[in-house]
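Chemist: Once you've had a glance at the structure underneath, I'll fire off some questions.
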Amino acid sequence: MLHTSPMRSSSLRLATVFVVGGLLLSGCGIAEARESALKIANTDPLASVNAWTPGLVGLPDYQSSGFGPNGYPGVDSGQGTESPLGDIQGFLDGLSLQSSDLQNVTVDLIKNGDSLDGATLDFCGADYASEQLRTHRRQVAGTFNNGGSWISSEVVQYQTPAAAQQAIDELVAAKKSCPENNVFTDGTGEEMKINFYAAPGPNETVLVPAKQRVIMHFVETPTDTAQIARRLFLAVQVRGNTLVALYFVEGQPEPYDQSTLDAVYGVVSLLTERLNSADSTSVGLA
């Protein structure tokens, strides 16, 4: 999941971010930037439905935080979410990021993106038993005009809904065991220091229930000073036996500003709508 060097084919690693304003949903408005939100959430997150836990949304310990009301303006649930179960890759593709979702960006299947060869969960050096419970996977990615910014989505199906929820629970546990300034070895063998930041989003953001999602915003800094630090945003959500994730990574040492986070959440909402619109049988709920 979080091999965070752009253009590596391992899952979640191809995630990326863009320069501010470079990512726009087709026909979807983005909320105005709220520059003070990061500072407020970092220091004293409010216990309300619009409060966002710094660095991680949807922890069981913070059930009141991170709920976004439905109805993100202009979000279209897309097509292909009711593909026959016999066409699993077609179904997964219907839930994935599409070129038509972005302006001037072509989204393609990554190398081995339709196989289980790539890891799905790879965060802070933890072990993830749920990796052995996956049955199907599809990861796509695209690059922006500057050539150094990447966006990626990954859709994974597990043996059962319980197995998909296990993946979320394992990611939550990994975050709790990964404190600020923690040093770990990532999936590529690189030693990294991690720092977490708030991840506030627009009130209109469409999300699955808090216990079924993890949202993180952080910066990884290599202990090898010759290497480049990178900032990351990820949103991992499950419904039934299906996990849908969106990832952004950019080689910058500073966290994202609020206008960028607002744009990211617009895309998260789009993918959430597709997941919620999927036929219940297709996601193992019937």
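The values are calculated or read from the model by the stated rules, or taken from the named source; none is laboratory data. None of the values given here were measured: they were computed from a predicted structure. Cβ placement follows ideal geometry from the backbone for every residue including glycine, while neighbour counts extend to all protein chains displayed.
Chemist: Give the residues of the range 186-238 that are closer than 22 Å to Leu275 by Cα and among the aliphatic types (A, V, I, L, M), sorted by residue number.
Modeler: Ala199, Val206, Leu207, Val208, Ala210, Val214, Ile215, Met216, Leu234, Ala235, Val236, Val238
Chemist: Which condition breaks for Ala229 when tested against (1) surrounded by 21 or more Cβ atoms within 10 Å (Cβ to Cβ); (2) farther than 22 Å from Ser96 by Cα; (3) not charged (D, E, K, R)?
Modeler: Failed condition: (1).
Chemist: Of these, Asp87, Asp101, Asp108, which one is of a type in the set (Asp, Glu), modelled with pLDDT of 80 or more and buried (at least 19 other Cβ atoms within 10 Å of the Cβ)? If you could, list the steps in order and put the result at the bottom.
Modeler: Values: Asp87 fails: buried (at least 19 other Cβ atoms within 10 Å of the Cβ); Asp108 fails: buried (at least 19 other Cβ atoms within 10 Å of the Cβ).
Exactly one of Asp87, Asp101, Asp108 is of a type in the set (Asp, Glu), modelled with pLDDT of 80 or more and buried (at least 19 other Cβ atoms within 10 Å of the Cβ), namely Asp101.
Chemist: Tell me which of these Glu154 doesn't satisfy, since it passes every other one: (1) under 21 Å from Gln252 (Cβ atoms); (2) acidic (Asp, Glu); (3) at pLDDT 95 or above.
Modeler: (1)
Chemist: Looking at the range 170-200 only, could you name the residues that are part of a loop (DSSP other than H, G, I, E, B) and over 27 Å from Ala263 (Cβ atoms)?
Modeler: Within the range 170-200, Ser177, Pro179, Asn181, Asn182, Gly187, Thr188, Gly189, Glu190 qualify.
Chemist: In the range 269-277, is there at least one residue being of a type outside the set (Lys, Arg) and either without any contact (Cβ under 8 Å) to a residue 24 or more places away in the chain or touching a Pro at 6+ places or on another chain (Cβ under 9 Å) (or both)? Steps first, please.
Modeler: Initial filter on the range 269-277 (of a type outside the set (Lys, Arg)): 269-273, 275-277.
Of the ones still in play, those that are also either without any contact (Cβ under 8 Å) to a residue 24 or more places away in the chain or touching a Pro at 6+ places or on another chain (Cβ under 9 Å) (or both) are 269.
Yes, because at least one residue in the range 269-277 is of a type outside the set (Lys, Arg) and either without any contact (Cβ under 8 Å) to a residue 24 or more places away in the chain or touching a Pro at 6+ places or on another chain (Cβ under 9 Å) (or both).
Chemist: Mind checking which pairs have a first residue in the range 248-261 that is under 12 Å from Phe218 (Cα atoms) and a second that is aromatic (Phe, Trp, Tyr) and in a strand (DSSP E or B), Cβ under 6 Å, 6 or more apart or different chains?
Modeler: So the pair list comes out as Phe248/Phe233; Pro255/Tyr197.
Chemist: For the range 260-280, state whether one or more residues are hydroxyl-bearing (Ser, Thr, Tyr), surrounded by fewer than 21 Cβ atoms within 10 Å (Cβ to Cβ) and modelled with pLDDT of 95 or more.
Modeler: yes
Chemist: Here is a follow-up. Taking the conditions exactly as written (touching a strand residue (DSSP E or B) at 6+ places or on another chain (Cβ under 8 Å), among the aromatic types (Phe, Trp, Tyr), under 23 Å from Pro179 (Cα atoms) and at pLDDT 95 or above), does Phe196 satisfy them or not?
Modeler: Working: touching a strand residue (DSSP E or B) at 6+ places or on another chain (Cβ under 8 Å): yes; among the aromatic types (Phe, Trp, Tyr): yes; under 23 Å from Pro179 (Cα atoms): yes; at pLDDT 95 or above: yes.
Considered against the rule, which asks whether it is touching a strand residue (DSSP E or B) at 6+ places or on another chain (Cβ under 8 Å), among the aromatic types (Phe, Trp, Tyr), under 23 Å from Pro179 (Cα atoms) and at pLDDT 95 or above, Phe196 comes out as yes.
Chemist: Would you confirm whether or not the range 239-253 contains a residue that is at pLDDT 95 or above, over 22 Å from Val105 (Cα atoms) and either among the hydrophobic types (A, V, I, L, M, F, W, C) or surrounded by fewer than 17 Cβ atoms within 10 Å (Cβ to Cβ) (or both)? Before the answer, list the steps.
Modeler: The initial filter retains those residues of the range 239-253 that are at pLDDT 95 or above, namely 239-246.
Among the residues that remain, those that are also over 22 Å from Val105 (Cα atoms) are: 239-243.
Among the residues that remain, those that are also either among the hydrophobic types (A, V, I, L, M, F, W, C) or surrounded by fewer than 17 Cβ atoms within 10 Å (Cβ to Cβ) (or both) are: 243.
Yes.
Chemist: Could you count how many residues in the range 128-158 are polar (S, T, N, Q), assigned to a loop (DSSP other than H, G, I, E, B) and out of contact with any Pro (no Cβ under 9 Å at 6 or more places or on another chain)? Before you say what the answer is, go through the steps one by one.
Modeler: Taking the range 128-158 and keeping what is polar (S, T, N, Q), we get 130, 132, 135, 139, 143, 145-146, 149, 152-153, 157.
Then keep just the ones that are assigned to a loop (DSSP other than H, G, I, E, B); that gives 145-146, 149.
Among the residues that remain, those that are also out of contact with any Pro (no Cβ under 9 Å at 6 or more places or on another chain) are: 145-146.
Residues flagged as polar (S, T, N, Q), assigned to a loop (DSSP other than H, G, I, E, B) and out of contact with any Pro (no Cβ under 9 Å at 6 or more places or on another chain) within the range 128-158 amount to 2.
Chemist: State the number of residues belonging to the range 93-127 that are under 17 Å from the mean Cα position of the chain (by Cα) and either assigned to a loop (DSSP other than H, G, I, E, B) or of a type in the set (Asp, Glu) (or both).
Modeler: Matching residues across the range 93-127 total 15.
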